[in-house]
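Below is one structure, written out as structure tokens, with a few remarks after it.
Laboratory data are not the source of any read-out in this text; all were calculated from the coordinates shown. Keep in mind that this is a model prediction, so the values were computed, not measured. All Cβ positions, even for glycine, are placed from backbone atoms using ideal geometry, and neighbour counts span all protein chains on display.
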Amino acid sequence: MADLKDKLLDAALVHVPFDGWSEASFEAAVSESELEPALAHGLCPRGAVDLAVAYHKRGDMRMLARLAQTDLDEMRYSARVTAAVCYRLEAVEDKELVRRGMTLFALPSFAPEGARLIWETCDAIWEALGDTSEDLNWYTKRATLSGVYSSAVLYWLGDTSEGHEATWAFLERRIDDVMKIEKAKHALGKNKLFGDILGRVTGAVRAPRSMMDMPGAVKK
């Protein structure tokens with residue numbers, strides 16, 4: 001079934017830059033993939049919306065595959081995070097696919113899902129980089145990276161520099177800012193006055209055992 005959904009997605013990608021993640025793109029993909037309409041709608045009950053979600057997750061998988069092939073040992077931690085976000089952006093073959101996706105997930109009915117996809121991308125990055133946090137830091141790392149990733153996507157969409165050099169420089173600055181915050185938090189944790197209070201606050205919050213334990217997750 002996954003292969004059939006990939007086939008349907010591949011057929012849709014040609015149409016999305018012109019028609020968006022729309023019913024028109026979905027119906028064209030069904031026709032060109034030669035899947036039975038009933039099967040196609042079974043695979044994607046929401047039509048093109050489910051294909052847009054599948055496309056985003058395909059990008060995550062490509063990023064993770066590339067990270068797995070990269071020697072990260074010699075890289076500073078900030079450089080590893082920067083590389084992961086770069087790989088995620090470079091997994092996109094056509095910026096218009098992302099622009100159309102942003103238009104879709106900006107709609108009130110799909111905005112929560114768009115936010116969830118960004119969160120899952122950032123969670124995948126931290127997991128791939130070996131994050132072991134189990135307290136409040138689990139949430140703050142992903143929330144901070146979600147902001148960095150979102151701003152990097154917007155910058156990248158408008159970037160016309162050669163090789164997207166301006167985007168990579170922008171991203172490095174943002175990641176450096178995040179690392180400064182992490183260093184400040186670490187220094188505050190060593191302070192006798194605030195360290196104990198901060199430790200109690202962060203320690204009282206536990207990371208979810210899985211994404212299904214996140215607030216708002218629908219458990220089946």
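Taking 0.36 nm per residue of separation and subtracting the Cα-Cα distance, full extension of the segment from E74 to L129 would add 18.5 nm. Ordering of 112-119, 132-139 by packing is 112-119, 132-139, highest average first (other Cβ atoms within 10 Å, averaged per residue). In summary, the convex hull built on the alpha carbon positions of segment 1-144 has an orientation-averaged projected area of 9.6 nm².
Between segment 87-134 and segment 1-26, the C-alpha centres lie 18 angstrom from each other.
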